[in-house]
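Each remark here refers to the structure printed beneath this line.
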Amino acid sequence: MSGRGPVLLAGASGFVGRRLGRALVEEGYDVRAMTRRPERYDGPGEPVHGDALDADSLRTALAGCRSAYYLVHSLASADFEERDARAARTFGDAAAEAGVEQIVYLGGLGSDSDTLSPHLRSRREVEGLLASGGVPVTSLRAGIIVGDEGLSWEITRQLVEHLPAMITPRWVNTRTQPIAVDDVVAYLVGVLGHPEAIGKVFEVGGPEVLRYSTMLKRVAQVEGRSLPVLPVPLLTPRLSSYWLALVTDVDTAAGRTLIDSMSTEVIVQDDSIRDLVPLTLTTYDDAVRQALAERAERTGR
């Protein structure tokens with residue numbers, strides 16, 4: 001890449017974006033934190049106004065940037081697939097016009113040979129649309145990301161803490177490969193400007209492949225108690241999403257979208273990123289402990 005220049009971080013105020021912005025600043029990068037409300041932004045980097053659906057705002061936000069992170073999604077919207085597609089296409093075109101040389105995107109795991117859920121299918125579509133303007137995209141695909149305020153983690157934590165026992169749908173037997181949010185951030189930083197990462201797709205996951213039921217039980221163990229899990233085969237993902245709304249305060253639309261994805265196995269098949277960005281991966285239990293500690297510090301309980 002021709003010079004470092006400022007890095008645009010789209011999605012700077014989100015769960016991963018806040019942590020990534022801090023890590024980039026610590027590494028000495030000039031970070032532009034893109035947000036629709038820069039006057040409210042109090043995180044790392046220089047806040048700049050930008051909306052992924054507004055090409056004019058993107059021209060200003062991207063001016064002079066050689067690289068950009070794209071961590072934008074619309075999961076809480078009923079029409080998230082259409083909105084995310086439009087936003088990705090608009091951002092990709094604006095990045096090409098600005099002369100950006102690398103877009104780094106955080107997407108979702110899942111084999112193209114599987115019948116992907118709308119959420120995972122949308123994540124895969126966004127990859128292609130970001131690149132449609134001609135800028136090479138480095139895509140990191142992850143499954144469950146464990147960290148305080150992460151949506152998937154909040155579902156897990158609240159289910160464990162609110163219920164003495166769980167009557168669960170058959171998706172609790174689906175295997176996944178959860179990863180600590182700090183490890184995701186380390187990978188995102190590591191691929192920035194790396195010549196062997198330009199235009200490539202990488203799969204990222206933690207050191208353990210776990211069933212959802214095991215993940216729930218392990219959270220309970222970390223908290224010092226047991227959690228009986230009783231699978232009910234007839235409890236479909238759609239029915240379980242309504243049940244989720246009764247026992248958690250997670251946004252109903254976003255939670256339902258994620259629940260619909262939980263019948264898809266999301267496991268790393270290609271771990272080549274570990275050669276590119278060497279990293280000692282955090283165990284699931286340690287990731288859980290860190291997430292719980294960060295929540296306790298943030299909330300005082």
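Any read-out appearing in this document is the output of simple, stated calculations on the displayed coordinates, not a laboratory observation. Given the structure is predicted, the values throughout are model-derived calculations rather than measurements. With ideal geometry, Cβ positions are generated from the backbone for all residues, glycine too; neighbour counts draw on all protein chains shown.
Exposure proxy for Phe80, Phe91, Phe202: other Cβ atoms within 10 Å of each Cβ, ordered fewest to most, give Phe80, Phe202, Phe91. Summing charges over all other residues whose Cβ lies under 12 Å from the Cβ of Thr282, with Lys and Arg as +1 and Asp and Glu as -1, gives -4. Taking amide H as placed 1.01 Å from N in the peptide plane, Gly50 has its amide H under 5 Å from the amide H of Thr35, Arg36, each at least 5 places away in sequence or on another chain. With neighbour counts taken as other beta-carbon atoms within 10 Å, the residues Leu292, Leu188, Leu140 rank, fewest first, as Leu292, Leu140, Leu188.
The string of couplings for region 56-70 from the Karplus curve (6.51, -1.76, 1.60, θ = phi - 60°) is 4, 5, 5, 4, 5, 5, 8, 4, x, 7, 9, 8, 8, 9, 10 Hz, one whole number per residue in order, with x for Gly and Pro. I need the calculated FRET efficiency for the pair His49 and Ser132, taking r as the beta carbon distance and R₀ as 30 Å, to the nearest 0.05. Plugging the Cβ-Cβ distance into 1/(1 + (r/R0)^6) gives 0.80. Site pair Glu161 and Glu26 shows an inter-label distance of 2.4 nm when each label is modelled 7 Å from Cα along Cα→Cβ.
For region 19-92, what does the relative contact order come out to in percent, with C-alpha contacts under 8 Å and a separation of six or more? This gives 23 percent for region 19-92.
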